[in-house]
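Comments concern the structure below.
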Amino acid sequence: MALTLFRRPAPDEPPTLEDELWPETGETWTPEGLTVVERYYNLANAVVILYTADHKEIGTYYAVACLGCHYLVTRDKHRTYSTRLTLEAAAKAANGHASTCRALARSLPARPDDDTARRLLRTWVLNMRRRDQDYYLHLRHFDSRRLELQRTDEWMHTELEAFAADRGDVLSATPSKYGAGIEYELLREPS
């Protein structure tokens, strides 16, 4: 078996299906709810993807994830005011990681069924609560977990509104004061 993984075709032999790129490398994989902007190969042919969840109401935020190891970057540590990754900073991070990572390609993350995705989203919201203050929750707060969730913004809005209806003591959903859309306020934990 091991010898077949490293077999090279003879120069006059036509390529076979086994000689093609493995689908696990993620070359054409695009998870639902995300736009894969760029792909980089690491030293062992795992793919490092630069992706965005382009939120209409708050702008574009980029993230970098390696499909070989657990590398994930969603913030620019060199900026002080707005730490969101620009396209240039995300490309630099992705290229830097790809040039040093030696992780082998893993299989692509499976898309969870709706019940599992709903449970994940609700667990994340509960874990984001603070004891000292209420604060506004935006979809960009979930961008680092979007590869795990693989859902569109519309699906997330629907589920967050349903969660606010079910658990009004945790999350409130109100029409936005600044235009169309919904604002989510994560309520502080009771003391």
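The values are calculated or read from the model by the stated rules, or taken from the named source; none is laboratory data. Nothing here was measured: the structure is a model prediction, and the numbers come from that model. Backbone-built Cβ (ideal geometry, glycine too); neighbour counts: all protein chains shown.
List of remarks:
- Condition met for D76 (surrounded by fewer than 17 Cβ atoms within 10 Å (Cβ to Cβ), of a type outside the set (V, I, T) and either closer than 19 Å to L34 by Cα or not assigned by TED's automatic domain parsing to the domain that holds Q150 (or both)): no
- Conditions (1) of a type outside the set (D, E); (2) modelled with pLDDT under 85; (3) farther than 20 Å from T30 by Cα; (4) surrounded by 11 or more Cβ atoms within 10 Å (Cβ to Cβ): number failed by R140: (3)
- Check on E159, outside the structural domain of Y41 (by TED's automatic domain parsing), surrounded by fewer than 14 Cβ atoms within 10 Å (Cβ to Cβ) and either within 21 Å of G33 (Cα to Cα) or among the aliphatic types (A, V, I, L, M) (or both): no
- Flag for L126 being part of a helix (DSSP H, G or I), in contact with a Pro (Cβ under 8 Å, 6 or more places away or on another chain) and either of a type in the set (A, V, I, L, M) or in the same structural domain as V170 (by TED's automatic domain parsing) (or both): no
- Hits in region 122-137 (condition: surrounded by 11 or more Cβ atoms within 10 Å (Cβ to Cβ), within 30 Å of L67 (Cα to Cα) and either out of contact with any Leu (no Cβ under 7 Å at 6 or more places or on another chain) or not charged (D, E, K, R) (or both)): R122, W124, V125, L126, M128, L137
- Any chance A117 is assigned to a helix (DSSP H, G or I) and under 30 Å from P175 (Cβ atoms): yes
- Residue in region 156-166 that is out of contact with any helix residue (DSSP H, G or I) (no Cβ under 9 Å at 6 or more places or on another chain), small (G, A, S) and either assigned to a strand (DSSP E or B) or in contact (Cβ under 8 Å) with a residue 60 or more places away in the chain (or both) present: no
- Qualifying residue in region 129-147 (condition: more than 26 Å from T52 (Cα to Cα), outside any helix (DSSP H, G or I) and in contact with a helix residue (DSSP H, G or I) (Cβ under 7 Å, 6 or more places away or on another chain)): no
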